[in-house]
Each structure stands twice: as C-alpha cells, then as structure tokens.
Amino acid sequence: DECRYTGRSHCRRPSALDPAGRFLLDAGFRPGKPRWYLWLSLGLTAISPRFHWRFLCSRLRSIFGPQVGKRGFVIALGWTVGLGIASYVVRPDAVVVGVLFPVVFLYQVSVLFEFISEHAWFVSPGPVAGTKYVHATHSWGRFCGRKIPVRSAHGNCRFVFDWLWWLIEHAVYHVPVRLLILPGDLPQHDYHHRNPSSDKWMNATYAREDDLHEVSVPWPPYQEFWGLHNAINHVFKGIAAAGDGRSGRG
C-alpha cells in the first residue's frame with residue numbers, strides 16, 4: 001500500500017482514505033456488500049480488461065515517468081531492445097505468450113489476490129487504536145497447506161482417497177499459491193508490520209515463530225489462516241460487516 005512504499009511505512013490503518021482503499025473501492029470491494037458479491041467481484045476483476053489496463057498504466061508510469069529521470073529512460077530502452085530482439089529471434093506470438101502474458105496478466109492477477117488477502121480492509125480499529133497496534137490486529141499469517149489426513153472409522157479406502165485428495169490439492173492449489181502469489185516472506189506479512197525495521201525478513205518464518213512465543217502484553221495475539229481462500233474469506237467477512245456497523249477487530 002501507499003504507506004509501505006513511500007517511506008511512510010505503517011502510517012495509517014487500511015481504509016478508504018489511502019490509494020490502496022480507493023483502488024479496492026473502484027474494483028467493487030465496497031463495505032456492506034455480501035460475501036458472494038465480493039467473491040464475484042474478485043473473479044470479475046481478475047479478468048477485467050479495464051483493471052489490467054489501469055494497473056499496467058500505473059506500473060508504466062511508476063517505471064518510466066518523469067519522476068524516475070534517467071533510470072526510466074534506461075529501463076524503457078532495455079525493454080524496447082529486449083522485446084525487439086526476442087521478436088526477431090522467435091515468433092511474435094511466442095513473445096506474447098512467454099513474456100507479455102505472464103509479466104502483465106498473470107503478475108497482476110497474483111498481486112490482486114495477494115493484496116486483497118493481506119489486511120482487514122475497511123474494518124474499524126478496536127478499543128486500542130494506535131497505528132502499529134491496528135496494523136497488528138488487521139494483518140495475519142497466510143500459510144499454504146492443510147493438515148494431513150488421519151485414519152478414521154471410515155476404513156482404508158476412505159483413508160487412501162483422503163491422501164490422494166490431499167496430494168492433488170497441494171499440487172494444484174497450495175504449492176502454486178506459495179510460488180506465484182505468496183512467495184518469499186509474504187506469508188509472514190503480519191510479522192513485517194509488528195517489526196517493520198527487522199532485518200530478519202530472509203528468515204521470516206522462524207522470526208515470526210520466535211516472536212509468536214515472545215510477544216509482549218501490549219500486542220494483540222498473532223492470527224493465521226491456512227489456505228489463501230480462508231484469508232480472503234476473512235477479509236470479505238470484515239468488508240461485508242463494515243457497511244452496517246458490525247465490524248470490529250480484524
């Protein structure tokens with residue numbers, strides 16, 4: 001969001017007052033809308049030409065705009081030369097499928113799903129409204145995976161089926177999400193907000209676990225969700241409740 005990338009990190013709570021909030025409102029994620037509507041908005045936004053065009057224009061402005069000076073010119077020249085060479089060496093359609101499609105469409109869909117799941121958007125702060133405290137209540141761990149199946153009274157066939165389903169679920173859902181939507185330290189985004197100046201981001205998994213057991217009394221307890229869909233559903237619960245005064249802590 002704006003605060004994180006403009007040098008004013010963690011300066012305000014997730015709301016409609018900053019560019020991040022306005023972006024979500026424009027995309028249809030409006031407080032008070034039911035969860036089914038928000039899920040539908042997410043799916044339609046992910047394939048919306050308008051969303052992708054506006055997102056791409058914003059990215060290009062941030063890279064090639066006058067505010068970046070000579071660096072923008074060098075980057076623009078590099079991309080032009082690179083795409084020109086690629087189009088000459090291979091077929092243009094291969095450039096579209098192999099470069100432009102993942103760099104534009106897939107990347108922007110990835111950012112959308114990561115962005116919508118990281119904070120309790122539009123949810124009012126609790127009784128303690130300090131900025132850092134609110135960021136702690138309004139962010140959480142987002143982890144990829146599900147508990148392994150356990151043997152039950154349903155018999156061996158059901159146990160084998162449960163294991164096969166578990167493997168398929170991880171192969172086609174959890175592993176791709178970890179690689180493409182929540183890479184690096186993004187699952188531990190809540191640790192980043194609690195310790196914004198920490199240099200342990202390269203080992204954020206272990207740093208968060210250590211902090212979880214050492215958290216001081218003024219901080220709220222850590223939250224976590226397993227499965228990106230559960231984190232998004234939690235966000236949508238908050239957005240749906242935010243329009244009728246029922247929202248509280250994230």
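The values are calculated or read from the model by the stated rules, or taken from the named source; none is laboratory data. Small disclaimer: the values here were computed from a predicted structure and weren't measured. Don't worry about glycine lacking a Cβ; one is built from the backbone with ideal geometry, like all the others, and counts go over all protein chains shown.
Within segment 200-233, the set of residues being touching a Phe, Trp or Tyr at 6+ places or on another chain (Cβ under 8 Å), at pLDDT below 95 and of a type outside the set (D, E, K, R) comprises Ala204, Ala207, Leu212, Val215, Pro218, Trp219, Pro220, Tyr222, Gln223. Val96 - would you say it is out of contact with any strand residue (DSSP E or B) (no Cβ under 8 Å at 6 or more places or on another chain) and in contact (Cβ under 8 Å) with a residue 40 or more places away in the chain? Answer is no for this residue.
Here's the yes/no breakdown for (1) charged (D, E, K, R); (2) within 22 Å of Arg146 (Cβ to Cβ):
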position	(1), (2)
Leu164	no, yes
Glu169	yes, yes
Tyr173	no, yes
Ile181	no, yes
Leu186	no, yes
Asp190	yes, yes
Arg194	yes, no
Lys200	yes, no
Thr205	no, yes
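For segment 46-65, a residue qualifies if it is of a type in the set (A, V, I, L, M, F, W, C), surrounded by fewer than 12 Cβ atoms within 10 Å (Cβ to Cβ) and at pLDDT below 90, and exactly one does: Cys57.
Looking at (1) at pLDDT below 95; (2) over 27 Å from Val134 (Cβ atoms); (3) crowded, with 17+ Cβ neighbours inside 10 Å; (4) charged (D, E, K, R), can you tell me which one Arg146 breaks? Failing condition for Arg146: (3).
The set of residues in segment 195-206 that are closer than 19 Å to Trp140 by Cβ and assigned to a helix (DSSP H, G or I) comprises Trp201, Ala204, Thr205, Tyr206. A count restricted to segment 167-201 and to residues that are aliphatic (A, V, I, L, M) and under 22 Å from Gln223 (Cβ atoms) stands at 4. When the residues of segment 179-194 are filtered to those that are buried (at least 19 other Cβ atoms within 10 Å of the Cβ) and out of contact with any helix residue (DSSP H, G or I) (no Cβ under 6 Å at 6 or more places or on another chain), the one that is nearest to Thr137 (Cα to Cα) is Asp190.
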